[in-house]
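Enquirer: My structure is below; once you've seen it, I'll send some questions.
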Amino acid sequence: MKKYKRYLLRGLIAFGLIFAILLGTNSVYVVIRGRRLEQKIAAIRTAGDPVSFSQLAPTEVTPPEQNAAVFLSRAQVGVEKLSKELFAVYSAPGFFEGSPSKNDIKAVESALQGSPDVIPLLRQAAACSEYDPQIDYTVSPEAFIETSLADRLGQLRAVTRLLNARVVMLVAQGDRKEAFETCLWMLRLSRSFEREPAFIGFLVSVACRAVGIRAADEVLRSGPLPKSAHLALDTELALHDSTEAYIRALKSERVLGIESFQSLRSQLGSFQWWFLSDECDYLDLFSEQFEFVSRPYSELVAAGLENKYKGRIGPLSSGILPALLHGRRANDRSIAKVRSLRILNTLQTRADAGDKSEPKLEDLGLPESATTDPFTGMPLRLKKTDTGWLVYSTGENLKDDGGELADLRDIGLGPKKEETGPAY
């Protein structure tokens, strides 16, 4: 019996020593990886970028008369009412594809007449220079995303859908001038929507912009417009040809990740070394995305980021990598469409002035950057077909599929039915 007690005592002592060694090793790992993480976060601070959710809050108060979000809020009840009334119209085959029925057009006209205050409020929102949705940055990022952000992004989609329906109605009624103005509202509002934080907000703004671009494309192809209209569109599109929104989305998404990791680590106490390492990997992924922002997508592919990190980073970092790559592709698709529409607009300006020639891209008088494919860094493709101009990018497969816009094989604008894939 004493023999067994001795063995038991020795076993307990050995277990205690092993446990003490593990605790010591864990403490060393926590210190080493904690310092590495602190250095990375300090570098972000030094660059003047936010590292906490509260730092995403605007530093200045936006006057209500300049805040698009104020007018969108006032229009919200009316927009929701119209969305319900026009649900069947939105779902009707062909309505948004350029072949609405007379009954659908009458339904849109009747619904808008029944809510006469909505369109003027959306016009005022589009005219505003700022967008501040008055976000409560004191709540946790999780609570913010699950509540206010989801509801607000749904409203932005509803506004875009309603304005798109108005464009369809106005084109059918022959009021191309007002239809074109409505397209400009859509584009201006999508630029405001870029101020929504996180990748999900960015993707919604990209989707709304895609709807505005498609609507403007259809109006341009439906007949001549005054030179002032073409100039206004080119001026607006130049403001969309930027990576600022994408960079802002990366920075705010990085903040949400930092906050989430901190929450996890606070729950683990001393046993947090695994997540310290994972968070370092997470920040490294973002740093690499920033490095490639101003470079063509083809260079990012050549770097082999997916294979480079496969099996070498933590589970949470592995989960964010596909989202980061998706966000980059969405950004480049959006820019490709913006540039394609800018080229088409210039071509239509020449045609409206009586110029029937078939110019090359370099003859259009646009900046070289405005005619460059964001996916390859090479010039965009331009083709004259029997039914109109086709302007496109190779898209993410980096292959010229001859302007095949279906299923996002190529990205751009053409006279036939466009892509059947997602807006973003």
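Enquirer: I'd like the orientation of helix 273-292 relative to the chain: the angle between its Cα long axis and the longest Cα principal axis, in ° from 0 to 90, rounded to 10.
Expert: The helix 273-292 is inclined about 30 degrees to the chain.
Enquirer: Please compute the modelled spin-label separation between A42 and S357, points set 7 Å along Cα→Cβ, answer in nm with one decimal.
Expert: 6.1 nm
Enquirer: Based on the inverse mean of 1/r over its pairs of different Cα atoms, what is the Kirkwood hydrodynamic radius of the stretch 64-138, in Å?
Expert: Values: mean 1/r = 0.0720 Å⁻¹.
Evaluated on the stretch 64-138, it is 13.9 Å.
Enquirer: Taking only Cα atoms, what is the 0 to 90° angle, nearest 10, from helix 176-193's long axis to the longest principal axis of the chain?
Expert: Once rounded, one gets 10 degrees.
Enquirer: Could you work out, for the chain, what percent of all Cα-Cα pairs fall into each 10 Å distance bin, beginning at 0 Å and stopping at the bin that holds the largest distance?
Expert: 4, 19, 26, 22, 14, 7, 4, 2, 2, 1, 0
Enquirer: Kindly state, as a whole number, the per residue volume in cubic angstrom of the convex hull around the alpha carbon atoms of the stretch 284-334.
Expert: In the stretch 284-334, the Cα hull volume divided by residue count equals 67 Å³.
Enquirer: Would you calculate the separation in nanometres between label points at R157 and Q134, each defined as 7 Å from the Cα along the Cα-to-beta-carbon direction?
Expert: 2.5 nm
Enquirer: Contact order normalised by length for the chain, with contacts defined as Cα pairs under 8 Å and 6 or more residues apart; what percent is it?
Expert: Reported relative contact order: 15 percent.
Enquirer: Packing-wise, with mean Cβ within 10 Å as the measure, how do 79-89, 124-134, 49-59, 164-174 rank, highest first?
Expert: My ranking of the peptides, most packed first, is 164-174, 124-134, 79-89, 49-59.
Enquirer: Count neighbours as other Cβ atoms within 10 Å of each site's Cβ, and list the trypsin sites (Lys or Arg not before Pro) in the stretch 319-388 that are DSSP loop with at most 11 such neighbours.
Expert: Passing both the DSSP loop test and the Cβ count: K356, K360.
Enquirer: What percent does the relative contact order of the stretch 176-257 come to when contacts are Cα pairs within less than 8 Å and at least six residues apart?
Expert: Over the stretch 176-257, the number comes to 42 percent.
Enquirer: Hey, any idea what the orientation-averaged projected area of the convex hull of the stretch 303-424's Cα atoms comes to, in nm²?
Expert: Computed as one quarter of the Cα hull surface, the answer is 8.5 nm².
Enquirer: Starting from the Cα of K360, draw a straight line to each of the aspartates and glutamates and keep only those under 14 Å, dropping any in the same chain fewer than 8 residues away.
Expert: K360 reaches E368.
Enquirer: Relative to the present Cα-Cα distance, how much length would full extension add between S222 and S52 at 0.36 nm per residue of separation?
Expert: Numbers: separation 170, 0.36 × 170 = 61.20 nm, distance 4.87 nm.
Here the answer is 56.3 nm.
Enquirer: Where in the stretch 334-353 does the amide nitrogen come within less than 16 Å of the point 7 Å from the Cα of K384, taken along Cα to Cβ?
Expert: 344-353
Enquirer: Hey, another quick one. With a Förster radius of 25 Å, plug the Cβ-Cβ distance of R35 and K308 into 1/(1 + (r/R0)^6) and report the FRET value to the nearest 0.05.
Expert: The calculated FRET efficiency here is 0.50.
No value in this document is a laboratory result; all are computed from the given coordinates. Computed from a predicted model, the values in this text were never measured in an experiment. So basically every Cβ, Gly included, is an ideal-geometry build from the backbone, and we count neighbours across all protein chains shown.
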